[in-house]
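Here, each number is a calculation from the coordinates, and none is a lab measurement. Everything quoted here is computed from the prediction, not taken from an experiment. Neighbour counts are summed over all protein chains in view; Cβ atoms, including those assigned to glycine, are modelled from backbone coordinates with ideal geometry.
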Amino acid sequence: MTEQALGACAGCGVAIQIEDPRKPGYAPKSALNRDVIVCQRCFRIKHYNEVAPVEMDDDDFLRILHGVGATNSLVVMVVDIFDFQGSWLRGLPRFVGKNPILLVGNKVDLLPKNINLNRVRNWMQHEAKERGLRPEDVILVSAQKGIGIDDLLARVGELRKGRDVYIVGVTNVGKSTLINRILHDYGAADMEITTSPFPGTTLDKIEIPLEDGRFIYDTPGIINRDQMGHMVSPQDLRKLTPTARINPKVYQLNEGQSLFLGGLARIDFVRGAHQPFVVYVANQLYIHRTKLENADEVLAKHHGELLAPPSGAEAAKKLPPFVKHSLKIGTNGTTDIVISGLGWVSLQGKHEAHVVVHAPKGVSVGVRKGLI
Ligand code: GDP
């Protein structure tokens, strides 16, 4: 049988094949008798929460995205508000050509209560501009909770002006969840796309027909390798992924104190006046305060145990070694220290501060204008 005859996986959209279990789209022959056919990988993710690595390289993703630039379409770029930096699709202006862009901030349900959403939208516009992108508009949604989807679709309707729509984003921003939400709540086909907390779940382009004969295309996500999620086990990824509204935790620190965010990062307050450090990470992540002078010893003794995730000594050894990022915080208002994939720590910017962040090699660490 040819691949075409077997159709596409209802989970990730990749062509189904029955020859090679290590290649994308593999399904055992018995699976072909089911009404809805999914590849073995999607089946496992769905039923056992297990991820099988798949051989697909970034060139394939890049090829598809370059194709978007050649079309006349509306490009909807989805980012994860919680990991804005880590979820930014680099080089997007190159990919999209002259097409208008609608920027969508997903996972708005994670932001703390009483937050000013207009401020968040303005902040996203500002951050996008800094990265060379001028979106037509910014929409905040929660694909999971179904918040803001009406607004999003209305705006897409206005901006697309009879054109196709391409949804783009790096993996793990919730693109599949968003597509599922659109499919379920807005009457489209009876298929469901696999979602998982693991990067790289959508493998090929998925098309959703629109009434005027045009399509919404879901493109595969490119993996941003500097996301923390690529460095820990699936079990540990669950411990650092926020699943509910974040409760910020306030630590009044003196210089010479350190905070451990689980065993995944350490923040040393080297110099500056006594001030609050407000930590925005998954509620379940253990935060440990200690004296800076003891921090090396505490890490050596407790990494993977008290300071977890990573869970267990073996997992701690597998984590890339910590590297130091020396940050000077000025007095220009609230500043966030961002540790990609883990969260951020907010300083009021009333006093100058020298902070050193230790994070696994490859994880991007930086400062930005305060989000909140
Ligand atoms: P994709 O790789 O971009 O297709 O991402 P997925 O749709 O597979 O989602 C990645 C992870 O983010 C999964 O664990 C989802 O449950 C989670 N997720 C997706 N949308 C939301 C959302 O609106 N809020 C929250 N809190 N989590 C979300």
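What to note about this one:
- Scaled against 2.2 N^0.38 Å for its residue count N, the alpha carbon radius of gyration of segment 3-48 is 0.98.
- Mean-position separation - Cα centroids, segment 220-286 and segment 155-179, in angstrom: 30
- Exceedance of the 31 Å cut-off in Cα-Cα distance is limited, within the set 129/239; 29/175; 175/328; 317/350, to 129/239; 175/328; 317/350.
- For the chain, the spread of Cα positions along the three principal axes, ordered from largest to smallest, is 66, 45, 32 Å.
- Gain upon complete extension [residue 19, residue 348; 0.36 nm per residue less C-alpha separation]: 112.6 nm
- Here the Kirkwood formula puts the hydrodynamic radius of segment 252-309 at 11.6 Å, using every distinct Cα pair.
- DSSP bridge analysis restricted to the chain gives an antiparallel fraction near 70%, rounded to the nearest 5.
- Cysteines without a disulfide-compatible neighbour (Cβ-Cβ under 4.7 Å), the chain: 12, 42
- Diffusion coefficient, µm² s⁻¹, Stokes-Einstein with Kirkwood Rh over alpha-carbon pairs of segment 213-265 at 4 °C and 1.567 mPa s: 85
- Spatially proximal lysines relative to residue 113 (Cα-Cα < 21 Å; intrachain offsets below 8 disregarded): 145, 249, 369
- When the Gaussian network model of the chain links Cα atoms closer than 10 Å, the mean-square fluctuations of 247, 294, 99 top out at 294.
- Between 356, 104, 38, the Gaussian network model of the chain with springs among Cα atoms under 10 angstrom shows the greatest mean-square fluctuation at 356.
- Gaussian network model of the chain, springs between alpha carbon atoms under 10 Å - residue of 207, 127, 136 with greatest fluctuation: 136
- Pairwise FRET efficiency - residue 243 versus residue 184, Cβ, R0 = 25 Å, nearest 0.05: 0.80
- Over all pairs of different C-alpha atoms in segment 240-369, the reciprocal of the mean inverse distance, the Kirkwood hydrodynamic radius, equals 14.7 Å.
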